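Here's the structure, in structure tokens; my notes come after.
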Amino acid sequence: MKHLKQNTARRRQALLAALLLAIVLPSVACAALTVRQNRLQRRLADAHAEIDRLSLALQDAQAEPPDNVSEERPPEHEPPASVSGQAAPAYQSLHPDVYSDTPVGDQTVYENVCYLTFDDGPSEQTPAILDILDRYGVKATFFVVGSSVQKYPDIVKDAAARGHVIGVHTDSHVYKDIYASVESYLDDFSAAWQRVYDLTGQKPAVFRFPGGSINQYNKGIYQPLIAEMLRRGFAYYDWNASAEDAVGKPTAESVVQNALSVQSKMPIVLMHDGTYTTATAEGLPKIIEGFQSRGYTFGVLTPDVYSVAFGYRD
Ligand SMILES: [Zn+2]
């Protein structure tokens, strides 16, 4: 009898142990898998961010304006002949709120003023750039990407509050889509413009075409497109100096050297505050000091500033 009881007790213990194992083992395995899954998801997110970063840089590099561009004001500032005298194109009625409050009038070449411009932000690089600009008491122009504005709204608000100009670059930065037609450009521009307006309470008046005003993607539509943007009162700016900080492997030394190589009475310097590199922020103090030592002061782009723009020499 005693023996039987012992047997039953042992069997119960074994059953209990088996039950515990059946519960504990899968729980442990599940926890381990969750940790692993989280780690993989983080790596996947990192990889996606890297792909975004590289594709943005690649797009800018591919859309570099053709070699045969000049800095002359291009003839396309006049409405194209095919448009004048005919019914207004239907796209003029798209996005009826998207007009500048300060239309482009006479523009001035401000001699010995340098305009620092940052494309493709905001990003995690922007706060460091803002701090350096503050340290030197310099104001700059940021041509922002709408999707990044949505991601870093506080940085954009901060930049505007510190007295910098927020201009529009693009919403998606996908050249093939935005330059598919005048209509698709207006859709993309308007989305970014609205985001900045909603966030800062200021209607952006200046913008920069992704890839510049004339590039490999907008060759077929740039004339009516530019005419339409000017009709809406927006001033656009290309550049006559570039830090070359979004291509190859930029270093603090290379961005300084490239930015300062410009010979212009009114340099408009292309830089980037996207996620590609920290070289821009690292080189920025020397860029500012370099221009200062040559007697330049710094300004922000507003529609009264002469639109340095690429011309097309066929
Ligand atoms: Zn860009």
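Sub-7 Å Cβ pairs linking a first residue in segment 94-117 that is farther than 16 Å from Y185 by Cα to a second residue that is surrounded by 19 or more Cβ atoms within 10 Å (Cβ to Cβ) and of a type in the set (S, T, N, Q), at least 6 apart or interchain, are Q107/S307; Y115/T141; T117/T141, ordered by first then second residue.
Is it true that I132 is of a type in the set (V, I, T) and modelled with pLDDT under 95? Before you say what the answer is, go through the steps one by one.
Working: of a type in the set (V, I, T): yes; modelled with pLDDT under 95: no.
Answer is no for this residue.
Number of residues in segment 200-221 that are among the β-branched types (V, I, T) and under 18 Å from Y115 (Cα atoms): the value is 1. State whether one or more residues within segment 153-160 are modelled with pLDDT of 95 or more and closer than 17 Å to D304 by Cα. No, there is no match, as no residue in segment 153-160 is modelled with pLDDT of 95 or more and closer than 17 Å to D304 by Cα. Taking the conditions (1) more than 16 Å from the ligand (Cβ to nearest atom); (2) closer than 25 Å to G146 by Cα; (3) not aromatic (F, W, Y) in turn, K286 satisfies each one other than (2).
Out of curiosity, is F298 surrounded by fewer than 23 Cβ atoms within 10 Å (Cβ to Cβ), closer than 15 Å to T141 by Cα and among the hydrophobic types (A, V, I, L, M, F, W, C)? Spelling it out, F298 is indeed surrounded by fewer than 23 Cβ atoms within 10 Å (Cβ to Cβ), closer than 15 Å to T141 by Cα and among the hydrophobic types (A, V, I, L, M, F, W, C). In this structure, is Y236 closer than 24 Å to S213 by Cβ, surrounded by fewer than 24 Cβ atoms within 10 Å (Cβ to Cβ), touching an Asp or Glu at 6+ places or on another chain (Cβ under 8 Å) and among the hydroxyl-bearing types (S, T, Y)? Answer is no for this residue.
Checked against the criteria, D198 counts as farther than 30 Å from G290 by Cα, modelled with pLDDT of 95 or more and more than 16 Å from the ligand (Cβ to nearest atom).
Give segment 106-154 a look and list any residue that's assigned to a loop (DSSP other than H, G, I, E, B) and of a type in the set (F, W, Y), or say none. Spell out the reasoning first.
Of the residues in segment 106-154, the ones assigned to a loop (DSSP other than H, G, I, E, B) are 106-107, 109-112, 120-125, 137-140, 152.
Within segment 106-154, Y110, Y152 meet the criteria.
Scanning segment 159-214 for residues that are of a type in the set (K, R), over 19 Å from L270 (Cα atoms) and assigned to a loop (DSSP other than H, G, I, E, B) yields a total of 2.
Selection of segment 140-156 for residues being surrounded by 24 or more Cβ atoms within 10 Å (Cβ to Cβ), within 14 Å of the ligand (Cβ to nearest atom) and not β-branched (V, I, T) yields F142, F143, S148.
Tell me, yes or no, whether segment 111-120 has at least one residue that is of a type in the set (S, T, N, Q), within 20 Å of P267 (Cα to Cα) and either away from the ligand (no atom under 16 Å from the Cβ) or more than 12 Å from the chain's Cα centre (by Cα) (or both). For segment 111-120, residues of a type in the set (S, T, N, Q), within 20 Å of P267 (Cα to Cα) and either away from the ligand (no atom under 16 Å from the Cβ) or more than 12 Å from the chain's Cα centre (by Cα) (or both): present. On inspection, Y306 does not qualify as of a type in the set (S, T, Y) and buried (at least 19 other Cβ atoms within 10 Å of the Cβ).
As for segment 246-265, it holds at least one residue that is within 14 Å of the ligand (Cβ to nearest atom), closer than 30 Å to P127 by Cβ and crowded, with 21+ Cβ neighbours inside 10 Å.
Test Y222 against the criterion of being touching a Phe, Trp or Tyr at 6+ places or on another chain (Cβ under 9 Å) and within 16 Å of the ligand (Cβ to nearest atom), and give yes or no. The answer is no for Y222. Restricting segment 215-231 to residues that are part of a helix (DSSP H, G or I) and in contact with a strand residue (DSSP E or B) (Cβ under 9 Å, 6 or more places away or on another chain) leaves a set whose member that is farthest from Y99 (Cα to Cα) is Y222.
The values are calculated or read from the model by the stated rules, or taken from the named source; none is laboratory data. Everything numeric in this text was worked out from a predicted model, so none of it was measured. So basically every Cβ, Gly included, is an ideal-geometry build from the backbone, and we count neighbours across all protein chains shown.
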